[in-house]
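Engineer: Below you will find the structure I want to go over with you.
Nothing in this text is a laboratory measurement; each read-out follows from the coordinates by a stated rule. Just so it is clear, the structure is predicted and the values come from calculations on it, not from any experiment. In this analysis, Cβ positions are derived from the backbone assuming ideal geometry, glycine residues included, and neighbour counts consider all displayed protein chains.
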Amino acid sequence: MTEAKKYPTPQGNPESQPFWDAAKEGKFLIKRCKSCGEAHFFPRAICPFCFSDNTEWEQSSGEGEIYTYSHMRKSATGPYVIAYVTLKEGPSVQTNIVDCDPATLKIGQKVKVVWKPTDGAPLPFFTPA
Amino acid sequence: MSIKGKAYIAGIYEHPTRHAPDKSTAQLHAEVAKGALEDAGLTHKDVDGYFCAGDAPGGLWPMVDYLGLKPRHIDSTETGGCSYIIALGHAAQAIALGKCSIALVTLAGKPRTGAMPPRAQGAEADFETAFGATTHNAYGMCAMRHMHDYGTTSEQLAWIKVAASHHAQYNPHAMLKDVVTVEDVLNSPMISDPLHRMDCCVVSDGGGAMIVTTPEIAKSLKKPLVRLIGHGEAMKGPRGGKDLDLTYSAGVWSGPRAFEEAGVTPQDMKYASIYDSFTITVLMQLEDIGFCKKGEGGKFVADGNLISGVGKLPFNTDGGGLCSNHPVNRGGMTKILEAVRQLRGEAHPKVQVPNCDLAIAHGTGGLLGVRHAASTAILERV
């Protein structure tokens, strides 16, 4: 067995802290704009689509499908699969697909969030559903 | 208002080195500046505009002082590999407005000798750093989705490397001079799916520089006249993750802007310098700036269509980033330099395009699959 990969600790800031606080409870938050109705990720105070400051936190299902991926065959920390996952709620997020056989992955495949520990709040990864 | 015809590229220089453990990065900047000024027939006292980007150690303050310049116009716009194509447009704007008359643009660095500093990060850092986006896998993700949506194949991507290698065999400074086949590319190790090692550009030390000036000054000098007639720049990112589409780049905006300003079309181009950080970069850019329809890039690049003397669109006749060099992991400058050589008739005779009077230099900067800029320059021999 290889040791669990060490991931960087999210630093947080006043704008993003609610995301990391929720992450500690296993909840994946996104932002939705109450003015235009669009959801976005990563979270901003001001909507990137209509520039309204009337945005609110929303809990995502943590479910989605692989938009695209690439299996990085070598790195200083070993191989990994980087991907964009399109959440059921709309936004696509950058992530890694973990706990899987990279050779079996496909675009369009259903995946779900899985949290990986850091020295602070955990980070959202995805794994085949 | 337009910059069309208001600025000329009067001097160019590409550092012959590909490995420079015996030189400092600032020294390489000075050497390419000296080379470009000598090519133009000017001295560093003539320079009144200076442009550099993220590769210049310490940025403008130390660079201007180190080089002994006294500019009245400065610009350090940083957009990765396409910074120098953007600098060309910005220099033309400054020259058109009389803010400077002889602009120096430099690029140099040593990624092959020492570690590169980490990429600067923004508000996304906590949400992305851990996932390890690198050039290889960010471009790999673009290629993967392009293949999914349009049926593009690894064989088609390989043709881009094959064409570059056909050109590189004539460049004595090229790092990789061997002509390769589609099979060679497909048999090279997988780096980040679906990109093989030979889908990736080289890593090289080195640099390049150019002198941009007024029509009057250019005409007073001895070099063949090459002028900028159209320029575009644009940026693209996930933008909140809505309607993510990694199969196109910001080139869909920078390209048409440049062609419109120039009053010409992609089909008028006799030669194309297209940033080739990876084979997929070239394929997507050719589609995005209008050499073929979206999704038809694979067919367009196949069967040697990019090989000078063989295909319809000679590209990167110096061997490009895929075979010749990729100074500081930034390919924009060398794209301009080879386009100017083609327009001057100074390319290697084996790859020189006959009567080359219109050329494009186009590039992207940053990570195509994440956040990037694109810039397009249309150049004309007068």
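Engineer: Between rounded, prolate and oblate, where does region B:15-57 land on the alpha carbon gyration tensor, with a ≥ b ≥ c its root eigenvalues, rounded for a/c under 1.5, else prolate if a/b exceeds b/c?
Structural biologist: It comes out oblate by the Cα gyration axes.
Engineer: Also: Under a crude label model (7 Å from the Cα following the beta-carbon direction), how far is B:Lys293 from B:Ala115 in nanometres?
Structural biologist: 4.9 nm
Engineer: Specify the residue with the greatest mean-square fluctuation among A:Lys31, A:Lys112, A:Lys88, computed from a Gaussian network of chain A linking alpha-carbon atoms under 10 Å apart.
Structural biologist: Maximum fluctuation in the GNM of chain A, among the listed residues, is at A:Lys88.
Engineer: What is the mean number of Cβ atoms from other protein chains located within 10 Å of the Cβ atom of each residue in peptide B:23-34, rounded to a whole number?
Structural biologist: What the average comes to for B:23-34 is 0.
Engineer: If you don't mind, another one. How shielded is A:54-67 by partner chains, expressed as the average number of their Cβ atoms within 10 Å of its Cβ atoms?
Structural biologist: Taking all residues of A:54-67 together, the mean is 1.
Engineer: Determine the distance separating the Cα centre of region B:132-169 from the Cα centre of region B:264-325; give it in Å without decimals.
Structural biologist: Cα centroid of region B:132-169 versus Cα centroid of region B:264-325: 12 Å apart.
Engineer: Expressed as a fraction of 2.2 N^0.38 Å, the rule-of-thumb size for a compact globular protein of N residues, what is the C-alpha radius of gyration of region A:17-128? Display every interim value, and only then the final one.
Structural biologist: Numbers: Rg = 14.9 Å, N = 112, 2.2 N^0.38 = 13.2 Å.
In units of the globular-protein estimate, region A:17-128 measures up at 1.12.
Engineer: So what's the protein assembly as shown giving for Rg/Rh, alpha carbon basis, Kirkwood Rh from the mean inverse pair distance?
Structural biologist: 0.98
Engineer: Here's another thing I want to ask about it. Helix B:154-168 versus the longest principal axis of chain B: what is the Cα-based angle in degrees, 0 to 90, to the nearest 10?
Structural biologist: With both axes taken from Cα atoms, the answer is about 30 degrees.
Engineer: Right, here's the next one. Among DSSP beta bridges whose residues both lie in chain B, state the antiparallel percentage, nearest 5.
Structural biologist: Around 75 percent of the beta bridges assigned by DSSP in chain B are antiparallel ones.
Engineer: Something else now. Please tell me the relative contact order of region B:268-379 in percent, rounded to the nearest whole number, where contacts are Cα pairs under 8 Å and at least six residues apart.
Structural biologist: Values: 182 pairs, mean separation 35.2, N = 112.
So the answer I get is 31 percent.
Engineer: So which chymotrypsin sites (Phe, Trp or Tyr not before Pro) in region A:1-94 are both in a DSSP loop and have at most 11 other Cβ atoms within 10 Å of their Cβ?
Structural biologist: A:Phe51
Engineer: Using Cα centres only, tell me the gap between region B:329-382 and region A:36-90 in whole Å.
Structural biologist: 35 Å
Engineer: Moving on to the next point. Just tell me which lysines come within less than 18 Å, Cα to Cα, of A:Lys112; anything on the same chain fewer than 8 places away is out.
Structural biologist: A:Lys24, A:Lys27, A:Lys88
Engineer: Can you pick out the pairs among A:Lys6/B:Lys335; B:Lys110/B:Lys236; B:Lys293/B:Lys335 whose Cα atoms lie more than 32 Å from each other?
Structural biologist: Numbers: A:Lys6/B:Lys335 40 Å; B:Lys110/B:Lys236 28 Å; B:Lys293/B:Lys335 23 Å.
Violating the 32 Å Cα-Cα cut-off are A:Lys6/B:Lys335.
Engineer: Apply the a/c threshold of 1.5 to the C-alpha gyration tensor of chain B and tell me whether it is rounded, prolate or oblate.
Structural biologist: Cα axes put chain B in the rounded bin.
Engineer: Restricting attention to chain A, give the cysteines that have no other cysteine Cβ less than 4.7 angstrom from their Cβ.
Structural biologist: That list is A:Cys100.
Engineer: Sort B:His19, B:His73, B:His29 by Cβ crowding within 10 Å, fewest neighbours at the top.
Structural biologist: B:His19, B:His73, B:His29
Engineer: So which aspartates and glutamates pass the test for B:Lys312, namely a Cα distance under 16 Å, with those fewer than 8 places away in the same chain ruled out?
Structural biologist: B:Asp268, B:Glu287, B:Glu296, B:Asp303, B:Asp357
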